[in-house]
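*Asks:* A single structure is presented below for examination.
The values are calculated or read from the model by the stated rules, or taken from the named source; none is laboratory data. What you see is a predicted model, and the numbers here were worked out from it, not measured in a lab. Here the Cβ positions follow ideal geometry from the backbone for every residue, glycine too, while neighbour counts run over all protein chains shown.
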Amino acid sequence: SLEDGLRLLSERARLLKSCWGDDPGSMLSVQGGDTEVQSLLNTTKKLHPGLAHDIACFNGPDAIVVAGSTESIEAIEETSRADGLYSHLKLVRLRNTHAFHSRLVEAIVPGLRKVAADIKFQAPSIRIESCSKDQDWTLPINAEIIVQHSRMPVYFYEAVQRTARRLGSCVWVEAGSASPIIPMVRKS
């Protein structure tokens, strides 16, 4: 219901404010060849073994988003500038409020699971193509699906590909403004 949807959204926002740690973290878009991107992340991990990051989004064949503590994201940026190996990669810090879809989300998981468990999910009246790995939301939605969708990586590219295979040629419309979604769909 609309009421339950608003309750889920407002509780998630409250949890972000009250349960997230001191560092909201950062997100970094990295574009380039998969091998080079993995090399950058592996090199950063070797240079900074105490820091951790997660791949938060798979936006295209050569486009990912990395999320982690602010220090971790700064270390990736620093490694990319350290020598000429990674100069062809395009790194852009995103303007997110938090490092979503990363291990930092774990702080809100218990509360999110609790509020989502109190909601009676109804079958969607229109198809929902989630950006989860190999999953659409035609199956019954439950609290665990909501939690995993918040914590696990976004598979945007796969969702666009599934939609295109199912519908064929289509027109993509976005409800919002100044978002990168439609350009990302074009690249997919």
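*Asks:* Output the residues belonging to the range 10-51 that are loosely packed, with under 14 Cβ neighbours inside 10 Å and either touching a Ser or Thr at 6+ places or on another chain (Cβ under 8 Å) or in a strand (DSSP E or B) (or both).
*Replies:* The answer is L47, and nothing else.
*Asks:* Condition first: over 13 Å from the mean Cα position of the chain (by Cα) and among the basic types (K, R). Now tell me which residues in the range 135-183 satisfy that.
*Replies:* Selection gives R162, R165, R166.
*Asks:* Can you work out which of the residues in the range 153-183 that are surrounded by fewer than 17 Cβ atoms within 10 Å (Cβ to Cβ) and aliphatic (A, V, I, L, M) is nearest to V66 (Cα to Cα)?
*Replies:* Only one residue tops the list, namely I181.
Okay, residues lined up against (1) modelled with pLDDT of 90 or more; (2) over 30 Å from S39 (Cα atoms); (3) in contact with a Leu (Cβ under 7 Å, 6 or more places away or on another chain):
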position: L85; (1), (2), (3): no, no, no
position: K133; (1), (2), (3): no, no, no
position: Y157; (1), (2), (3): yes, no, no
position: E174; (1), (2), (3): no, yes, no
position: P180; (1), (2), (3): no, no, no
position: M184; (1), (2), (3): no, no, no
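*Asks:* I've got another one for you. In the range 6-53, what residues are in contact with a Lys or Arg (Cβ under 7 Å, 6 or more places away or on another chain) and closer than 16 Å to E106 by Cβ?
*Replies:* A52
*Asks:* Right, something else. Has the range 60-67 got any residue that is part of a loop (DSSP other than H, G, I, E, B) and under 15 Å from the mean Cα position of the chain (by Cα)?
*Replies:* No, there is no match, as no residue in the range 60-67 is part of a loop (DSSP other than H, G, I, E, B) and under 15 Å from the mean Cα position of the chain (by Cα).
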